[in-house]
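Before any comments, here is the structure.
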Amino acid sequence: MQEKDDYVSRTETSRPRHPRRDPVVHLDPAERWNGPLGEVALSAFERDGFLWFEGFFSPDRVAPFFDELAQMSRDEKLLNSDGVIRDPNSGAIRSVFDMHRLSPRFDELTRDARVLGMVQQLLGGDVYIHQSRINDKYGFQGAGFDWHSDFETWHAEDGMPRMRAISASIMLTDNNEFNGPLMLIPGSHHEFVPCQGVTPDQNWKSSLKMQDVGVPSQQDLQALVNRGGITAPKGPAGSLLLFECNTLHASNSNMSPWPRSNLFFVYNSVHNRLVEPFAAPRPRPAFLADRDNPEPLELHDPYAEMR
Ligand code: 6CS
Ligand code: FE
């Protein structure tokens, strides 16, 4: 555990929320335009804590990823590994972690020039993958996720020091209002919301199925929703959501017959490498949080071989 902590959470008694103590866009202001995002997008990200790109990839480009996922779900050995989280009731796959290590196709996608370019611009330089996963919700049975800030968990349980990480979520299926799309509270990333309740040892064994500690109070959620509302970006397979690590989000269960599979790559700045957990007895396993000093990612140029 750490001594000085700007983001105290997981305490026995409740604590008031407070403004974040990190910038949202990390690039040096003088170099703000040094990347694919223009001022309109940069200030929207700063204001809302996310950016939505409907149809960012063509459905053809993402179809092979969905097919590979279907193949994986028939792989018995994989299904029984630690990185595959099953729904406690139905036994259906809920999440598969470490996608970029399981498959070269997914690994290459982490270095996609357009996505990585935006992430490097927002985080101010080199990044690596902190965590990757698929969240799967089968038709009629995919359960939801309660409200949380990913940063709150990564700080408390993984020792991520600052708010300097971004999730890129690529939709592998259509996301619509019926199949449990991600919901976000715009502007919630400006405040840190401490969560009451001490982290149990090996909390991740249950939290990835159903989150208990690490969920803000209803009072805090109410206040932030009163100010920013709730939004659920929807669109076809291939759409992309970039969201800041402290933006509060949740999702409902999938009541439709249509599957919902979203791929997440969490990019962390190389200046924000993990230290000891701030509020947990010991660090979580590597498939949830890479603490092995991975090399910074280099842009993948799909045209390189053609030249
Ligand atoms: O515990 C985690 O790291 C994570 N859990 C949730 C519910 N969202 C983000 C992250 O994968
Ligand atoms: Fe999350």
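The values are calculated or read from the model by the stated rules, or taken from the named source; none is laboratory data. In this text the structure is predicted, and so the values were computed from the model without any measurement. Cβ: placed from backbone, ideal geometry, glycine included. Neighbour counts: every protein chain shown. The protein model used for the area step is the full one, side chains on, heavy atoms only, and it has no ligands, DNA or RNA in it. Shrake-Rupley method; radii C 1.70, N 1.55, O 1.52, S 1.80 Å.
Among residues of the stretch 284-296 being open to solvent by 10 Å² or more (accessible area, probe 1.4 Å) and within 12 Å of ligand 1 (Cβ to nearest atom), the one that is farthest from Leu109 (Cα to Cα) is Arg284.
Output the residues belonging to the stretch 74-99 that are surrounded by 14 or more Cβ atoms within 10 Å (Cβ to Cβ) and within 15 Å of Gly142 (Cα to Cα). Of everything in the stretch 74-99, those that are surrounded by 14 or more Cβ atoms within 10 Å (Cβ to Cβ) and within 15 Å of Gly142 (Cα to Cα) turn out to be Val84, Ile85, Arg86, Asp87, Ala92, Ile93, Arg94, Ser95, Val96. Applying the condition of being within 18 Å of Arg17 (Cβ to Cβ) and within 13 Å of ligand 2 (Cβ to nearest atom) to the stretch 212-248 and asking which residue is most open to solvent (accessible area, probe 1.4 Å) yields Val215.
Being among the charged types (D, E, K, R) and out of contact with any Lys or Arg (no Cβ under 6 Å at 6 or more places or on another chain) is the filter; apply it to the stretch 186-211 and report the residue that is surrounded by the most Cβ atoms within 10 Å (Cβ to Cβ). My answer is Lys209. In the stretch 156-175, is there at least one residue being open to solvent by 20 Å² or more (accessible area, probe 1.4 Å), in a strand (DSSP E or B), within 13 Å of ligand 2 (Cβ to nearest atom) and at pLDDT 95 or above? Taking every residue of the stretch 156-175 in turn, none turns out to be open to solvent by 20 Å² or more (accessible area, probe 1.4 Å), in a strand (DSSP E or B), within 13 Å of ligand 2 (Cβ to nearest atom) and at pLDDT 95 or above.
Checking the conditions here, which among Ser81, Ser90, Ser95, Ser103 is among the hydroxyl-bearing types (Ser, Thr, Tyr) and in contact with a strand residue (DSSP E or B) (Cβ under 7 Å, 6 or more places away or on another chain)? Steps first, answer last, please.
Working: Ser81 fails: in contact with a strand residue (DSSP E or B) (Cβ under 7 Å, 6 or more places away or on another chain); Ser90 fails: in contact with a strand residue (DSSP E or B) (Cβ under 7 Å, 6 or more places away or on another chain); Ser103 fails: in contact with a strand residue (DSSP E or B) (Cβ under 7 Å, 6 or more places away or on another chain).
The unique qualifying residue is Ser95.
Out of Phe178, Phe140, Phe151, Phe145, one residue alone is within 13 Å of ligand 2 (Cβ to nearest atom), of a type in the set (Phe, Trp, Tyr) and open to solvent by 10 Å² or more (accessible area, probe 1.4 Å). It is Phe145. Of the set (1) out of contact with any helix residue (DSSP H, G or I) (no Cβ under 9 Å at 6 or more places or on another chain); (2) modelled with pLDDT under 95; (3) within 16 Å of ligand 1 (Cβ to nearest atom); (4) open to solvent by 30 Å² or more (accessible area, probe 1.4 Å), all apply to Met183 but (2). Within the stretch 105-121, the presence of a residue that is of a type outside the set (D, E, K, R), open to solvent by 10 Å² or more (accessible area, probe 1.4 Å), farther than 19 Å from Leu241 by Cα and in contact (Cβ under 8 Å) with a residue 40 or more places away in the chain is excluded. You will find that of Arg164, Arg133, Arg111, the residue that is within 15 Å of ligand 1 (Cβ to nearest atom) and either touching a strand residue (DSSP E or B) at 6+ places or on another chain (Cβ under 6 Å) or at positive phi (or both) is Arg133 and no other.
Residues of the stretch 236-278 that are within 25 Å of Lys209 (Cβ to Cβ), part of a loop (DSSP other than H, G, I, E, B), modelled with pLDDT of 95 or more and among the hydroxyl-bearing types (Ser, Thr, Tyr): Thr247, Ser256.
Would you mind finding the one in Asp22, Asp60 that is among the acidic types (Asp, Glu) and either in contact with a Phe, Trp or Tyr (Cβ under 7 Å, 6 or more places away or on another chain) or surrounded by 13 or more Cβ atoms within 10 Å (Cβ to Cβ) (or both)? Spell out the reasoning first.
On the way: Asp60 fails: either in contact with a Phe, Trp or Tyr (Cβ under 7 Å, 6 or more places away or on another chain) or surrounded by 13 or more Cβ atoms within 10 Å (Cβ to Cβ) (or both).
Just a single option satisfies the conditions, and that option is Asp22.
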